[in-house]
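Working notes, structure below.
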Amino acid sequence: MPWTRCWISRSRRLVLVATLFLACAFLLSGATPEKHLSVYSVAANYSLPLVVHEAHDYVGLLELLEPLGRVSAKFDGQRWRLRYNHVEGEFQVGKTHARLEGRDADLGARFLMQNDRGLVPLSSLSSLLPRILGGPVTLHEASGRLFIGSVATHFTASLAGENPPRLVFNFTAPVNPTIATEPGMLRMTFSHEPVVAPALPTLTFGSKSIPSASYSEGNGVAVVTVNSTIPVIATFTNGGRSIVISPTSAAPNSNVTQNVPQPVPATPAPVTAPATAPAASPGPAANAPSAPVARRYFAVVDASHGGDDHGETLSPTLTEKDVTVALARSLRQELESRGITTLVLRDSDTNLSVDQRAAFANADHAAIYIALHAASNGRGVRLYTALLPYREDDSGAFLSWTTAQRAWLPLSQSAVSAVAAELQKRQIPVRTLTAPLRPLNNVTGAAIAVEVAPQGSDLAQLTAPDYQQLVTSAVATAIAAAKNQLGAAP
């Protein structure tokens, strides 16, 4: 029997439409809706019905692969053979194992044929698909959501004001959720977007009007519920990348696009540089430390690289700049949940020079600056403090740009020790080092760099929310424990 390309026929499309219509009808009637799997990929986002058999959820493997590439299948009565691009697989009805490229693949439950459809257990997709597609796959089995590659849409949420209160959600990609309101809450349902959970599923904001928000997912959708004590309305801004929740009597205008003030480059006071100063120096960093300065943000979190600067190419589909942004958002959420006001310098795909990063941190007078990096080599986390040039003295009332960190270096080393101890408590391999890693030596405050690598050989761990939270939670816990010491520094 020759290989044939299997297309979704018009009748099958009509069946799928009818299925969705019936699911809506079930919802309205109170009956249990049909279970679905939502698939998110670079090629397409789509939904497939699930079949329940012997307490296991099943999905049609051919239907799942059709939108992703060239796929064909044939069935000879007992064996169902599948070809996706150049990968071949063989499945036998009633068997719990399959063959992919001549190697065994455990399905966890029996393979089924139903109406000429080859059905595999939903739980098997996390092991089957990476071998078929040749890339990372993340399955949220309990909620029926499948992410192929690095397609997840992350978000942050924070209160932008209290009079009137405005809760701002920033997303890494445009979203268009269904929004419903009822007394005491506003619910955003994401049926088509690969929105994933923040570092903490429940977010608190310290506002009497909008005290909290929570994230949940199930049956192929993600839901963000905003709890409020007043009537609120949602407004889309920034091309669908931001959603602002505000009182119905004070809806924000379309210019509101972000949840934290963006840093403004500091302009140092003009000064005649000493004759010995390097001609290419970016200028004085700050006055020599002598008196406490009021701080707007306690911590500045810096996602390294961005824009044209991709950083390390971690895999064919993953660059360092993308991982560091996700880590920065997670760390901000962890810090703010512990009462530490935090500014993220780069919350989008833009490029900042190392001098700009230091200038922004110094202008904000933050108690601690945390640079985030990612790496494919090594295991666990590496922590860095500055390695300063030897015998470069300060001149006059201004600090040398290349050694501005000198007065704060002991505090930076103390912060690194605290973070290392907390990582060790959580069984994360950790090393502490010194390195000429700019802009650490230009920062006038405690300054550390956190470089995250996988715990093992699986690079997909770098994008796993659980691992990111494990690391950022440890960092935030250590910073919170040292808050008094850091805040007392001049």
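Just so it is clear, none of the values below were taken in a lab; they were calculated from the coordinates. None of the values given here were measured: they were computed from a predicted structure. Here the Cβ positions follow ideal geometry from the backbone for every residue, glycine too, while neighbour counts run over all protein chains shown.
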Checklist entry - Ranked from highest to lowest mean number of other Cβ atoms within 10 Å per residue, what is the order of the peptides 437-448, 73-84? => result 437-448, 73-84
Item to check | Protection-proxy order for peptides 86-94, 144-152, each taking the mean of Cβ atoms within 10 Å per residue, highest first | outcome: 144-152, 86-94
Checklist entry - Once you list every other residue whose beta carbon is under 14 Å from the beta carbon of ALA460, what net charge do they have if Lys and Arg are +1 and Asp and Glu are -1? => result -2
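Where does the charge balance sit around GLY220 when Lys and Arg score +1, Asp and Glu -1, over other residues with C-beta under 13 Å from its C-beta?
-3
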Item to check | Set of lysines with alpha-carbon distance to LYS425 below 20 Å, sequence-local pairs under 8 removed | outcome: LYS483
Checklist entry - Mind listing P(r) for the stretch 44-84? All alpha-carbon pairs, 5 Å bins, whole percents. => result 5, 18, 23, 21, 22, 9, 1
Checklist entry - So how far, in whole Å, is the C-alpha centre of the stretch 205-240 from the one of the stretch 367-387? => result 33
Checklist entry - Along the Cα-to-Cβ line of SER414, 7 Å from the Cα, sits a label point; which residues in the stretch 466-484 have backbone N less than 20 Å from it? => result 475-484
Checklist outcome for this item: Per the rule of 0.36 nm per residue minus the C-alpha distance, extending VAL87 to SER143 adds in nm 17.3 nm
Checklist entry - At what distance in nm do the modelled label points of GLN485 and ALA464 sit from each other, each positioned 7 Å from its Cα along Cα→Cβ? => result 3.1
Next on the checklist: Full-extension gain between VAL42 and ASN163, please, as 0.36 nm times their residue separation minus the C-alpha to C-alpha distance.
Outcome noted: 39.5 nm
Checklist entry - Based on the Cα atoms of the stretch 354-490, what semi-axes does the equivalent ellipsoid have, where each is the square root of 5 times one gyration tensor eigenvalue, given in whole Å with the largest first? => result 28, 16, 13
Checklist entry - So how strong a dipole does the stretch 58-137 carry about its Cα centre when Lys and Arg Cβ are +1 and Asp and Glu Cβ are -1, to the nearest 20 debye? => result 100
